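The values are calculated or read from the model by the stated rules, or taken from the named source; none is laboratory data. Here the structure is a predicted model, which means the values were calculated and not measured. Methodologically, a virtual Cβ is constructed for each residue, glycine included, from the backbone with ideal geometry; neighbour enumeration extends over all protein chains shown. The accessibility values were calculated without ligands, DNA or RNA, using every heavy atom of the protein model including side chains. Shrake-Rupley method; radii C 1.70, N 1.55, O 1.52, S 1.80 Å.
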Amino acid sequence: MSKKNSSKEKKPGALLSPKGMRDILHEDFLSYQGFFEKAAEIALYYGFKPIETPILEKEGVFTSGVGLETDIVGKEMYSFSTKGKDRLALRPEGTAGIMRAYLEHGMHSLPQPVMLYYYGPFFRHEKPQKGRAREFFQFGFETIGAAEPIIDALTIKLTHLILEEVGIKNLTILINSIGDSRCRPNYIRELTAYYRKHINKICAHCRMRLKKNPLRLLDCKEAACKELAEKSPDIMGFLCEDCREHFKEVLEYLEIMQIPYFLKHTLVRGIDYYTRTVFEVVSEQEESSAENTKENTETKNTETKPSRESKEKTSAEPMLSLGGGGRYDHLARALGSRRDIPAVGSAIGVDRVLSAPGYSMPRPRIVKKPKIYFIQIGTGAKLKSFTVIEALRKVRIPLMHSINKDKLSVQLGIAERIGIPYIIILGQKEANENAVIVRNMKTRSQETVPIDKLGDYLKKHV
Ligand code: HAM
């Protein structure tokens, strides 16, 4: 329910939820739960285990891990001082906190890699608009302690699979390699020289970025900067042998799995911890997607060329990513580890997925939709209400009720309004006999059933 059409009982000046944050109600709640359950189930089959980290972290986890110069930390992070003068922040993303937990709990001594999945709310002080909220939900997973390209491929596969399994069509992976600490500096020099030549054409923000973090220029959404980014030097020509080989293998796995992808040399992602593979998942228009699949089948089993000519994404696509991730081999060191720990992960933007065309809500297991409405009439029956509810809970049959109401007509009215298929009626006579009436609302047929047989009866008939 939007704030606009919410209750007339609201006085002017009444308190509302914070801007960009919302209550998740009714069917929406089930939709989120259903998605989380489905995604968790798939992640478990792929070898991931659950983890939950605090929603608040020390600010340093993000300033050191994600990077002070990134938008999500530099501009959008909710950070504050506590009464004890600690600097804390609401987590803007999950990866840095998971790596902090891995290091804090000595998970390097477990068999490697450690594979973890998580979900929950994340916070970024962005301008609220379609697909962008200040509180949003992610389902993410991280594999820590593995350097091999097959793990990058597994991460992409799982992201793709989860989205496919909930009905999202025409998925495409946008992918790039941003090299590592050995080869990226050469590329950065070339990129800086390129942008210096066009310094008069770039926006004021990008002029600042050029000094502090030139890679970020490729991310800029300003039209003139975007045009320059398209023509900017391609990092593929600057990758060292190891990074090139790594990327080539990742692409080979994608082709074998027939996962459609486009190389996008301007894809750098807005987070500093990435090395080598970075990717995003988008849901494309039907026509271009058909083209991708064909293209992909054609190149299947042929030598993978991580070069711009092979499959470059050039169309203007202001599409919102449904998920994204990449490799982050230096994050552990940025958070205080003595050595680098190779890792790769991904996060799906759940709010965006739920409103994406094609999303088909997996019914959550934990919240069964009740098919039965329980009506009680008279004091003796009211007193026995809990016996009936408890008898059904024990056999895992949920019901709805209004045990605070007295009148039969009121309770029946509610049952009719919600369109429930069955009602259970407990009147004075039934209460005395330890029985209830079970009525099929469609056929209007009804039967008296002893409370101790009710579970079995309902399992058979409802
Ligand atoms: P990210 O790309 O910043 O990556 O976020 C992942 C997904 O979260 C996005 O693709 C998008 O669907 C969703 N998202 C981000 N911001 C918002 C927003 N303001 N409103 C709604 N949805 C949003 C990360 O967070 C990385 N931690 C992913 C990762 C995991 N990398 C390695 N491991």
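Once both axes come from the Cα atoms, what is the angle between helix 184-197 and the longest principal axis of the chain, in degrees from 0 to 90, rounded to 10? Approximately 80 degrees, to the nearest 10.
A DSSP coil position with no more than 16 other Cβ atoms inside 10 Å describes the following GluC sites (Glu not before Pro) in the stretch 75-117: Glu76.
Taking 0.36 nm per residue of separation and subtracting the Cα-Cα distance, what length does fully extending Met208 through Gln258 add?
Working: separation 50, 0.36 × 50 = 18.00 nm, distance 4.09 nm.
So the extension gain works out to 13.9 nm.
Sequence-distant contacts, meaning Cα pairs under 8 Å at least 6 residues apart, place the relative contact order of the stretch 120-275 at 32 percent. Select from the stretch 94-184 those trypsin sites (Lys or Arg not before Pro) which occupy a DSSP coil region and have at most 13 other Cβ atoms within 10 Å, ordered by residue number. The qualifying sites are Lys130, Arg182. With R₀ fixed at 30 Å, the C-beta to C-beta distance from His105 to Glu76 puts the FRET efficiency at about 0.60. Pairs exceeding a 29 Å alpha-carbon distance, out of Lys197/Lys221; Lys75/Lys248; Lys384/Lys459; Lys405/Lys429; Lys38/Lys248: Lys75/Lys248; Lys38/Lys248. Shape call for the stretch 372-461 from the C-alpha gyration tensor, a ≥ b ≥ c root eigenvalues: rounded (a/c under 1.5), prolate (a/b greater than b/c) or oblate? Note, shape of the stretch 372-461 comes out rounded.
Dipole magnitude for the stretch 160-202: computed about the Cα centre from +1 point charges on Lys and Arg Cβ and -1 point charges on Asp and Glu Cβ, it is near 460 debye. Taking the Cα centre of the chain as the origin and placing charges on Cβ (Lys, Arg +1; Asp, Glu -1), which of Ala133, Ala146, Ala347 is farthest toward the positive end of the dipole? Of the options given, the answer is Ala133.
Taking only protein heavy atoms and a 1.4 Å probe, what accessible area per residue, in Å², does the chain have with all protein chains in place?
Working: 23900 Å² over 462 residues.
Here the residues of the chain average 52 Å² of exposed surface.
Please state the relative contact order of the chain as a whole percent: Cα pairs under 8 Å, 6+ residues apart?
Numbers: 774 pairs, mean separation 75.9, N = 462.
Taking the mean separation of contacting Cα pairs over the length of the chain, I get 16 percent.
Charge dipole of the stretch 372-461 (Cα centre as origin; +1 on each Lys and Arg Cβ, -1 on each Asp and Glu Cβ, all else neutral): 220 debye, rounded to the nearest 20. Of the trypsin sites (Lys or Arg not before Pro) found in the stretch 343-374, those that fall in a DSSP loop while having at most 13 other beta-carbon atoms within 10 Å are Arg365, Lys368.
Between the helical axis of 95-104 and the longest alpha-carbon principal axis of the chain there is an angle of about 90 degrees. Charging the Cβ of each Asp and Glu at -1 and of each Lys and Arg at +1, and nothing else, the dipole of the chain about its Cα centre rounds to 2000 debye. Computed on the stretch 1-157, with alpha-carbon pairs under 8 angstrom and 6+ residues apart, the relative contact order is 23 percent.
Within straight-line reach of Lys460, meaning a Cα separation under 20 Å, sit the following aspartates and glutamates at least 8 residues removed in sequence or on another chain: Glu390, Glu447, Asp452. Within the same chain, aspartates and glutamates fewer than 8 places from Lys201 are excluded, and of the rest, those with a Cα less than 18 Å from its Cα are Glu190, Asp219, Glu222, Glu227, Glu230. Only aspartates and glutamates eight or more places from Lys49 in sequence, or on another chain, were considered; those with a Cα closer than 16 Å are Glu37, Glu41, Glu142.
Report, as a whole number in µm² per second, the diffusion coefficient that Stokes-Einstein gives for the chain at 4 °C and 1.567 mPa s using the Kirkwood radius over alpha carbon pairs. Show your work: numbers first, answer last.
Working: Rh = 25.5 Å.
Roughly 51 µm²/s, to the nearest whole number.
For the chain, what is the mean residue ellipticity at 222 nm derived from helices alone (per DSSP H run of n ≥ 4: -39500 (n - 2.57); sum divided by total residues; nearest 500 deg cm²/dmol)? If you can, show how the numbers build up before the last one.
Numbers: 16 runs with 168 residues, N = 462.
My calculation for the chain gives -11000 deg cm²/dmol from helical runs alone.
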